[in-house]
Each structure stands twice: as C-alpha cells, then as structure tokens.
Amino acid sequence: MADIVDVEKAIAQIVANCLYPNGTSQPSVIGNDCKVMRGWPVPAQLDSDLAAGILTVSVFPMAGVERNTTRLTTDPQVLNIPAPTITATISGQTITFAGTIPTAQNVGVTLGDWLPANQTYVYPATPADTMTTIAAGLAALLVAAGVAATSSGPVLTLPATIIASAIVGVFGTMWQEFKRQERGVMVTLWCPTHQMRDIAAPLIDLALVQNEHLLLGDGSGARMVYQRTMISDERQTVEIYRRDLVYMVEYGTNVITQVPQIISTKAIVTT
C-alpha cells in the first residue's frame, strides 16, 4: 500500500543518486559531504553540519497542501503476470516435470476421458518442492481418485487408457485503488554558503523534474510535478542559505494482492 512515506523515500533516493551518482563511497558531485533525510532537521544537528561544511537536504510533506483527486475506478486491475518456470512435457502416457520453483505455482493434470469429464487434479508447488515431489503429489491425488498412476523421480506415468493434458499456473499481481491524493512535498537545501547552494540546487532541481513518474516501494506509480521555488537568506548572518523546491505528487492508496491463474473450472487440490 502506497503512503506519503513511500513518496518521501522515492524523492530522497532521487536526491541521493543525484548527489552521489557513483555511490556514497565516492565524493559527491559538489565536492562536499551531503546528507539526505526525510523530515525536518533537528536544529542542533543542522548547526553542527553547517559548521562542518555539510549540505543537508530534507524531504518534508507540506502541511495543508493536499487535495483529494480520487477519480479512477476501484475495480481490481492486473499489474503483473509472470511466466511459469515449471514445464510439463507429455510423451505417450508419461508427464515429465522440469524447471525451477522460485515462487509458488500450481501444477495441474486434466484427465480427458475420466469421470467426471475433464477433471483437473492440482498440486500447489512451493519453493520447498522439487520436480520429484510434484510428480509424487499428483500421483497420490490420481490414485485417490481411482486412477492407477505412478511416479518415478520427476516423471508421472498414467494408465494406457488415460488421455491427459498438463498445465502450470502462476500467481499474478493485482492492485485495487481506493483513493487518490495530491500532496505538496518540499525539498529543502540547507547550505553553509550561497556558493554551495548555487551549485547544488540546480542539480537537484533538474534531477527531480526529470523524474516525473515515481516508482514507489509497493510497485505502484506516482506523478511528480514542479510547483515553485523559494530562496531564503534571512539567516545568512549565522551562515544558513536555504532553498525550497516544492513539488506536487499525486499517488493512490491501493491494495496489492497475489492471485492464482485459473487453470481449470473444476479441480481437486492436494493440501
């Protein structure tokens, strides 16, 4: 579920990548140490960092700068359907399973000439399974249904009179949006000199404006649009040169769930 916290994290990451494109183990692009933080700076720590010549960039959601922009359908939408990683190869009366099981998948065998007609027997494979346990699990299901099936390693063998097909179903990702909001987020540069501000602010502003579409931590997206810039030298006597970059971010509040593919309308599943 996306929250303003996810928006803050995404923006902070953009700023950090801008200042340290080669990672924090290498010097920043402005030559000075930089801190990127969510929330408002603690005054004592900020004063200490400014005295040490450190640039602080804070990411802070603005109070009162928010509006409800809900307008989209709340119907579930498909976000992603991965390709199956298990294969089932039929040769005569045998079905051979192969591949890997990085995520849960359903493996089904449908009997075309068995009562009830077109009944599918499903084994829910997990990363703890192997091709051998899949074949054995399906064989046990079929035997319980009166089919003289056997398994040996990853191979399932059916009686000569049985016509069968096999299918593998994955778990797709679906999302459902319940509301949408637009929130003002202020990215503030706290600089010990105006020269540092003059160098860092255009770089950060450009990085932000080039990332109109944010990818949030839950896999959903947000749209970020520039609104305004504010410059303050009111505290230059204590060496604080500040610049605020205000962006409006629209994002949805949603629920993301894992849903299995339908591989049969009639199925018997092992537990």
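Derivation of every value follows stated rules applied to the coordinates shown; laboratory data play no part. Everything numeric in this text was worked out from a predicted model, so none of it was measured. All Cβ positions, glycine included, derive from the backbone under ideal geometry; neighbour counts span all protein chains shown.
Comparing Val155, Ala16, Thr94 along the charge dipole axis of the chain, the residue lying farthest to the positive side is Thr94, per the Cβ-charge model.
Fully extending the segment from Ala140 to Thr70 would add 20.1 nm, taking 0.36 nm per residue of separation and subtracting the current Cα-Cα distance. Kirkwood-type hydrodynamic radius, the chain: 22.9 Å, calculated from all non-identical alpha-carbon pairs.
The simple Förster model, with R0 at 30 Å and r as the Cβ-Cβ distance, assigns Thr253 and Trp40 a FRET efficiency of 0.80. Other residues lying with their Cβ under 11 Å from the Cβ of Arg223 contribute a combined charge of -2, Lys and Arg counting +1, Asp and Glu -1. With R₀ set to 41 Å, the beta-carbon distance separating Ala148 from Leu79 gives a calculated FRET efficiency near 0.45. In the frame of its principal axes, segment 83-169 has Cα extents of 34, 22, 22 Å, reported largest first.
The separation of segment 85-108 from segment 26-56, counted between C-alpha centres, amounts to 55 Å.
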